[in-house]
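Shown next, in structure tokens, is the structure this report addresses.
The values are calculated or read from the model by the stated rules, or taken from the named source; none is laboratory data. This structure is a prediction, so every number in the text was calculated from the model and none was measured. As a convention, Cβ positions derive from the backbone with ideal geometry for all residues, glycine included, and neighbour counts pool all protein chains shown.
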Amino acid sequence: MRKPFIAGNWKMNKTGAEAAVLIRQIREGYKEDAVEVAVCPPFTALRDAREALHGTNIRLGAQNVYHEESGAFTGEVSIPMLQDLGVELVIVGHSERRHIFGESDGLINKKVARVLKSGLVPILCVGETLEQREAGRTRDLVRHQVMEGLKDLTEEEIGKVIIAYEPVWAIGTGRSATAEDANGVIEYIREILGELAGKNRADTIRILYGGSVNKENAASLLGQPHIDGALVGGASLKADQFLGIIRSATGKESV
Ligand code: PEP
């Protein structure tokens, strides 16, 4: 069974105090044990977020990490630093990291491997640009990013990863993929995971959709058999939107 999973990527938004307010609002409306939920505030708000989450089963995630333990890496944050703040999940390879900050598949692979070795859960993001989609290269691109991102990992390690399929043209644009289209690409990703880790294991791996998910379109996206949840950007900054998306995932448990 794959428990539905909804994660909020707050990007570069919210101070510590603002994070605490948003989490209090989410807590008030969150009653869904059947859905796993995480919030990923910026590094500077993690401590306040952890305090605000105390006593809930909402998990704390980070938006990025560096794969080295410590040392001369100005501006970077390590896995032990995140663990010290109660972080359990890390978004790796988000398209903004790939496209704005030039993160390569090789770097992303190192991050995924180290995150797993430390016992945290990576949410590996993959997805094509509009240009790649229009050139008919979506599947090739997604295959490449999944293969490279999970390179040299054991089958057991691959089984612990969460994947987020996020077409770049759908992120922050208000233009979501159609539910059927997203489901088709995600089904294809599951086939790739089957090649890497065996079908049985691939059937347990959660694959999320991300890209302009909101409470209005969530039910149709999450109603698809291969879409196990959502990575939510803009709509995760508004409690009523985020709670609406969580509610849409209730009752969904894929075999
Ligand atoms: C994201 O940042 O992962 C994302 C999907 O953003 P948005 O929901 O705003 O498109």
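Each row is one residue, and each column tells you yes or no for (1) buried (at least 20 other Cβ atoms within 10 Å of the Cβ); (2) within 16 Å of the ligand (Cβ to nearest atom); (3) hydroxyl-bearing (Ser, Thr, Tyr).
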| site | (1), (2), (3) |
| --- | --- |
| Glu76 | no, no, no |
| Met81 | no, no, no |
| Leu85 | no, no, no |
| Ile91 | yes, yes, no |
| Arg97 | no, yes, no |
| Phe101 | no, yes, no |
| Leu107 | no, no, no |
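For segment 24-55, a residue qualifies if it is closer than 28 Å to Ile100 by Cα and of a type in the set (A, V, I, L, M), and the qualifying residues are Val37, Ala38, Val39, Ala45, Leu46, Ala49.
Conditions tested, residue by residue: (1) among the aliphatic types (A, V, I, L, M); (2) over 25 Å from Ala49 (Cβ atoms).
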| residue | (1), (2) |
| --- | --- |
| Ile91 | yes, no |
| His94 | no, no |
| Val112 | yes, no |
| Pro122 | no, no |
| Cys125 | no, no |
| Glu128 | no, yes |
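Here Asp181 does not fit the description of being in contact with a Ser or Thr (Cβ under 7 Å, 6 or more places away or on another chain) and charged (D, E, K, R). Residues that are farther than 23 Å from Leu85 by Cα and touching a strand residue (DSSP E or B) at 6+ places or on another chain (Cβ under 6 Å) within segment 1-34 comprise Arg2, Lys3, Pro4, listed in sequence order.
Residues considered: Gly119, Gly172, Gly149. Of these, the only one that is among the small types (Gly, Ala, Ser) and more than 16 Å from the ligand (Cβ to nearest atom) is Gly119.
Selection of segment 193-241 for residues being assigned to a loop (DSSP other than H, G, I, E, B), within 16 Å of the ligand (Cβ to nearest atom) and of a type in the set (Val, Ile, Thr) yields Val213, Ile227. Looking at this structure, is Val65 touching a strand residue (DSSP E or B) at 6+ places or on another chain (Cβ under 7 Å), farther than 27 Å from Ile23 by Cα and of a type outside the set (Lys, Arg)? In short, no.
If I filter segment 242-255 down to residues being more than 12 Å from the ligand (Cβ to nearest atom) and either assigned to a loop (DSSP other than H, G, I, E, B) or closer than 18 Å to Gln63 by Cα (or both), which single residue comes out as modelled with the highest pLDDT? So the residue we want is Thr250. Search segment 1-35 for residues being of a type in the set (Asp, Glu) and over 26 Å from Tyr66 (Cβ atoms), and hand back the single one that is modelled with the highest pLDDT. Only one residue fits best here, namely Glu28.
The helices (runs of 4 or more DSSP H) located wholly in segment 1-107 that include 2 or more residues which are in contact (Cβ under 8 Å) with a residue 60 or more places away in the chain occupy 16-29, 95-99. Restricting attention to segment 190-221, the residues that are surrounded by fewer than 17 Cβ atoms within 10 Å (Cβ to Cβ), under 30 Å from Glu28 (Cβ atoms) and either touching a residue at least 60 places away in the same chain (Cβ under 8 Å) or hydrophobic (A, V, I, L, M, F, W, C) (or both) total 1.
Look at segment 222-237: where a residue is over 14 Å from Ile189 (Cβ atoms) and a partner is assigned to a helix (DSSP H, G or I) and not aliphatic (A, V, I, L, M), sitting 6+ places away or on another chain with Cβ atoms under 7 Å, you get Leu222/Ser248; Val232/Phe242; Ala235/Gln241; Ala235/Phe242; Ser236/Phe242.
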